[in-house]
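This report refers to the structure that appears directly beneath it.
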Amino acid sequence: MADKIRLGIIGANIHRGWAPRAHLPAVVASPEFELTAVCTTRQESAEESRQKFGARLAFDDYRKMLAHPDIDAVVVSLRVPSHYEPTMAALNAGKHVYTEWPLGQTTAEAQEMADLAQAKGVRNMVGLQARANPGILYAKDLVESGYVGDVMSCHVSRINGGVLQRTSDRTWQREVDLGANTLTIACGHTIDALRFVVGNFSHVSSVVSTQAKEWLEVDTKQMVDVSSPDNILVSGKLANGGVGSVHIASNPWAGSGYRMEIYGREGTLIVSSEGSANTNVVRIQGVREGNTLEDLEIPEKYVYVLEGMPQGEAYNVGQMYYQFGQSILSGNNCQPDFQQAVELHRFIDNIRQASDQGREVVVDTA
């Protein structure tokens with residue numbers, strides 16, 4: 001391998017999607033990596049991305065990129081239904097792979113990717129960026145070190161605004177079977193961060209609901225039917241004996257942002273943000289054996305990136321790139337990897353099952 005890890009990004013159109021907002025600026029500011037190649041579905045847009053972000057190569061076919069000898073690792077940043085084929089192809093080509101969350105359109109797809117990654121022995125990472133947020137890392141260590149004592153109860157909410165209208169290139173997410181909706185994305189990221197900090201659930205009850213059954217396509221002026229859920233309520237028991245609740249929603253107006261509350265026998269922790277933990281800086285407040293919360297400064301040891309890493313959506317992705325790079329260089333497993341993605345897919349399946357059956361279900365930990 002060269003002095004830097006030579007990276008190719010699949011889904012690098014600079015005009016839309018997650019890559020131009022997060023992956024491309026993050027990798028450019030990551031010293032472990034060289035942005036060697038970018039790939040889109042058209043050579044013109046790939047060349048445009050190459051020039052803007054300084055890549056060496058541009059491709060309009062990911063198979064050609066994977067066949068190039070100068071590619072060590074690949075990022076798959078596409079719409080969820082398109083994750084499976086390029087991820088499997090990259091793994092079969094022996095490349096290290098970072099694929100965005102949700103890993104697959106279904107749990108079965110995610111399991112296939114995880115199994116192949118293990119068989120190929122390459123490093124693999126899934127884009128659950130809240131796990132790289134310095135504030136979330138600090139909160140996890142505080143809980144594990146006994147800051148709050150035994151966790152008695154916890155709650156997390158993420159209430160977004162703006163569910164009633166979208167441009168037509170984004171209304172594909174209205175179809176629940178395509179795997180990209182409030183349950184899998186907003187709830188997936190948010191509940192993963194909660195489980196990362198306080199531990200897994202053992203039992204859950206839930207309500208998964210579609211409140212807005214139509215969206216307006218603002219460019220075509222057409223109403224389209226919606227089957228994807230927009231409000232998710234979860235309550236349950238934690239494996240460590242505490243209880244937890246979750247409310248994730250995409251409602252029409254003035255969302256309240258993100259808030260994680262952890263209550264223990266010896267103290268309280270509050271993690272909050274105007275946005276969400278996977279994309280935004282969070283504020284940490286806490287108190288031990290008292291009733292007045294105080295701001296807690298996040299130690300520098302949880303910051304992995306250099307000062308030049310852009311703030312905003314690219315920042316936690318940059319934190320993930322650092323971990324991805326260290327894993328590739330050391331040969332140690334990435335965290336979070338594809339198998340952890342499968343576990344989260346299964347947990348979301350349990351939430352659906354509990355809602356569909358109207359009963360508490362045992363969380364699948366297989």
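None of the figures in this text is laboratory data; all of them are computed from the coordinates on show. The model shown is predicted, which means the values in this text are computed figures rather than measured ones. Positions of Cβ are backbone-derived with ideal geometry, glycine not excepted, and every protein chain shown enters the neighbour counts.
Observations, loosely collected:
- For the chain, the ratio of Cα radius of gyration to the globular rule of thumb 2.2 N^0.38 Å stands at 0.98.
- Max mean-square fluctuation residue, GNM over the chain, Cα-Cα springs under 10 Å, options 169, 70, 230: 169
- Size of segment 242-361 as Cα extents on the principal axes (Å, biggest first): 47, 39, 36
- Of the residues 41, 184, 279, the one that moves most in a GNM of the chain with alpha-carbon contacts below 10 Å is 41.
- Remark: segment 182-252 projects, on average over all directions, an area of 5.2 nm² (convex hull of Cα atoms).
- Ranking of 97, 361 by count of other Cβ atoms within 10 Å, fewest first: 361, 97
- Our helix-only sum for the chain, with -39,500 (n - 2.57) per DSSP H run of n ≥ 4 divided by its residues, gives a mean residue ellipticity at 222 nm of -9000 deg cm²/dmol.
- Cross-link pairs beyond the 28 Å C-alpha cut-off, checked among 52/120; 52/140; 64/221; 4/52: 52/120; 52/140; 64/221
- For 245, 45, order by how many other beta-carbon atoms lie within 10 Å, fewest first: 245, 45
- Here, segment 2-69 has an Rg and a Dmax of 10.8, 31 Å when only alpha carbons are counted.
- Scattering curve values for segment 253-295, log₁₀ I(q)/I(0), Debye with Cα scatterers, q = 0.20, 0.21, 0.25, 0.31 Å⁻¹: -0.64, -0.68, -0.83, -1.02
- Scattering from segment 9-138 was approximated by placing one identical point on each alpha carbon and applying the Debye formula without solvent; log10 I(q)/I(0) at 0.16, 0.22 1/Å stands at -0.77, -1.39.
- The ellipsoid that matches the Cα gyration tensor of segment 61-117 has semi-axes, each √(5λ) in whole angstrom, of 19, 12, 9, with the longest given first.
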